[in-house]
2 protein chains.
Amino acid sequence: MVKVIAFCTRYVDVSQLEILKEAQKSPDIKVVGVDRGAHYLANKGYAMDLAVGDFDSVSEEEFEQLKTNSQEMIILPCEKDETDSEAALDAIMKRWPDAESYFLYGALGGRLDHSLNNLWLVLQERFWSIRGRLHLIDDKNVVSFLEPGHHELVAREGMTYFSLISFGAVKGVNLSQCKYTLKNFSSDFPRSFISNEFLPEFLYAVVDFEEGLFIFIQSKD
Amino acid sequence: MVKVIAFCTRYVDVSQLEILKEAQKSPDIKVVGVDRGAHYLANKGYAMDLAVGDFDSVSEEEFEQLKTNSQEMIILPCEKDETDSEAALDAIMKRWPDAESYFLYGALGGRLDHSLNNLWLVLQERFWSIRGRLHLIDDKNVVSFLEPGHHELVAREGMTYFSLISFGAVKGVNLSQCKYTLKNFSSDFPRSFISNEFLPEFLYAVVDFEEGLFIFIQSKD
């Protein structure tokens, strides 16, 4: 089953490097470089299935390097109505609509407006069909999006804390098998429940809800 | 006219120190320390009008220091339903409901869930009356919240970029005197317009809108 890993920044940490190396050997992991992320990958000699960006400041040599390392390139105009991440996610979705998951690395941290813009992506109708399979990852946070239904939330290694932050109204929220529980909670406005904790006696925490959309964040300090 | 400056973290940068020093001389600037921020201020010998936190890990000596340096202290329980920032903002609002502005330093950056939680504060009904006067500040970002109406957005020193990100639906948005303009824009879902630019030929950018709530972010890289 296809997984897509996309790198939006030139900062790649050790755990991401492991995934990248694995991806080079597996045809089921598609690698996408987004703008500065594509530069980084090409420069380090990694093969990409897709490179997306405006690439306006690259030298001829760097451009050749990008071409050599990418199966496909999408060159965006410099002045555009959408961000590189948006364009990349759009392209990713069209190529691999049935992927099991989409991991965006380097879409958080740095400038607050960029982070928020990347979180807000999932509110665009064109991305609704994949938002339950989308994850934004940096070295301190793993972000997923929960749609109404039953969710078993498994703690990632080294991450004890989790937060649930809703984008809008929520209805019928039940939260159990964790430190702070909720029973049939509803709210007309967006709510934020942060610094909840996984408990060692359970394999996972459980959240069920009827209406709304949650940002689910696992984090470490 | 009273201004409130609140420090939520032990990291205080140079520009904030200047404001702190000014505040020590001016009775119109109220200084609030929130948890680790209060420690920092007490430790450096700054006087506070209010200190809020659970202060569960302080020594007797540190507690005395906090008491000496604070006009008033609010000691929160360790296990609580609200965050320190929420409790602090609530206390601030009750003491100085008519303040001209409220600046929260150190409420952004660090863990993503904390940053989002602090942005989400303004969605709570109890804070609606002050959200137009609330600003969250770190060394790279200044965040304000825009309610429907006419706004003249002045660039802060060294900050060319600005972003407008809506929490929910927006109606009748007009944006002018800046690089990317908008005319009578409406959307049923939250939208994000990032990396807009102030133009040197105008004293300010102009945004008008009829319905919604925008996060307005000025930033530098």
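To test your reading of the geometry: what angle, between 0 and 90 degrees and rounded to tens, separates the Cα axis of helix A:14-25 from the longest principal axis of chain A?
60 degrees
With Kirkwood's inverse mean 1/r over C-alpha pairs for Rh, give me the Rg to Rh ratio of the protein assembly as shown, two decimals please.
My calculation of the ratio gives 0.98.
Determine the total buried accessible area between chain B and chain A, counting protein heavy atoms only with a 1.4 Å probe; round to the nearest 100 Å².
Chains B and A together bury approximately 2900 Å².
Using a 1.4 Å probe and counting only protein heavy atoms, arrange B:Tyr204, B:Tyr105, A:Tyr11, B:Tyr46 so the residue with the most accessible area comes first.
These residues rank, largest area first, as A:Tyr11, B:Tyr204, B:Tyr46, B:Tyr105.
In the range B:70-123, what trypsin sites (Lys or Arg not before Pro) fall in a loop by DSSP, with at most 12 other Cβ atoms inside 10 Å?
Within the range B:70-123, the qualifying trypsin sites (Lys or Arg not before Pro) (loop, at most 12 other Cβ atoms within 10 Å) are B:Lys80.
Name the chain A residue with the Cβ nearest the axis that maps A onto B: which is it, and what is the distance in angstrom?
Per the A/B rotation axis, the closest residue of A reads A:Gly168, 3.
Using the beta-carbon distance between B:Asp98 and A:Lys94 and R0 = 56 Å, what value does 1/(1 + (r/R0)^6) give for FRET efficiency, to the nearest 0.05?
0.55
If I compute solvent accessible area with a 1.4 Å probe over the protein chains, what percent of it on the protein assembly as shown is carbon and sulfur?
47 percent
If you build the convex hull over the alpha carbons only and average its shadow over all orientations, what do you get for chain B? Give it in nm² to one decimal.
Convex hull of Cα atoms, orientation-averaged projection: 12.7 nm².
What is the mean number of Cβ atoms from other protein chains located within 10 Å of the Cβ atom of each residue in peptide B:79-85, rounded to a whole number?
Rounded to a whole number, the mean comes out at 1.
What is the spin-label model distance, in nm, from B:Asp13 to A:Val154 if the labels are put 7 Å beyond Cα along the C-beta direction?
Distance between the two pseudo-spin positions: 4.0 nm.
Go through the range A:94-139 and flag every residue whose accessible area shrinks by 40 Å² or more with all protein chains in place compared to the isolated chain (probe 1.4 Å).
Buried on complex formation: A:Arg111, A:Leu112, A:Asp113, A:Leu116, A:Asn117, A:Trp120, A:Leu123.
Just to check I understand the Karplus step: with θ = phi - 60° and J = 6.51 cos²θ - 1.76 cosθ + 1.60, what whole-Hz values come out for the range B:163-168, glycine and proline as x?
Working through the residues one at a time gives 10, 10, 10, 8, 7, x Hz.
Excluding ligands, DNA and RNA, what is the solvent-accessible area per residue of the range A:73-169 at a probe of 1.4 Å, expressed in Å²?
40 Å²
Compute from the Cα atoms of the range A:53-93 the Rg and the Dmax, the latter being the longest Cα-Cα distance, and quote both in angstrom.
11.0, 30
Please compare each pair in A:Lys44/B:Lys179; A:Lys3/A:Lys80; B:Lys179/B:Lys220; B:Lys3/B:Lys44; A:Lys25/A:Lys94; A:Lys140/A:Lys171 to a cut-off of 25 Å on the Cα-Cα distance and tell me which ones are over it.
The pairs that break the limit, which is 25 Å between Cα atoms, are A:Lys44/B:Lys179; A:Lys3/A:Lys80; A:Lys140/A:Lys171.
In whole Hz and in residue order, list the ³J(HN,Hα) couplings for the range B:58-66 that follow from phi through the Karplus curve 6.51 cos²θ - 1.76 cosθ + 1.60, θ = phi - 60°; x for Gly and Pro.
Karplus-based 3J(HN,Hα) across the range B:58-66 equals 8, 6, 4, 5, 5, 5, 4, 4, 4 Hz.
Just for chain B, what percent of DSSP beta bridges are antiparallel, to the closest 5?
Among the beta bridges of chain B, antiparallel pairing accounts for roughly 60 percent.
Starting at the first residue of the range A:108-114, write each ³J(HN,Hα) from the Karplus equation 6.51 cos²θ - 1.76 cosθ + 1.60 with θ = phi - 60°, in whole Hz, x for Gly and Pro.
10, x, x, 5, 4, 5, 5
At a probe size of 1.4 Å, how large is the accessible area of B:Met1, to the nearest 10 Å²?
About 140 Å², ignoring ligands and nucleic acids.
For the range A:146-219, what number results from the quotient of the Cα radius of gyration and 2.2 N^0.38 Å?
Ratio of Rg to 2.2 N^0.38 Å for the range A:146-219: 1.01.
Given the -39500 (n - 2.57) contribution per DSSP H run of 4+ residues, what per-residue ellipticity at 222 nm results for chain B, rounded to the nearest 500 deg cm²/dmol?
Per the formula, -7000 deg cm²/dmol.
The values are calculated or read from the model by the stated rules, or taken from the named source; none is laboratory data. Every value quoted in this text rests on a predicted model; they were computed, and no experiment measured them. Note that each Cβ is placed from the backbone with ideal geometry, even for glycine, and that neighbours are counted across all protein chains shown. What goes into the accessible areas is simple: the full protein's heavy atoms, side chains included, and nothing from ligands, DNA or RNA. Shrake-Rupley method; radii C 1.70, N 1.55, O 1.52, S 1.80 Å.
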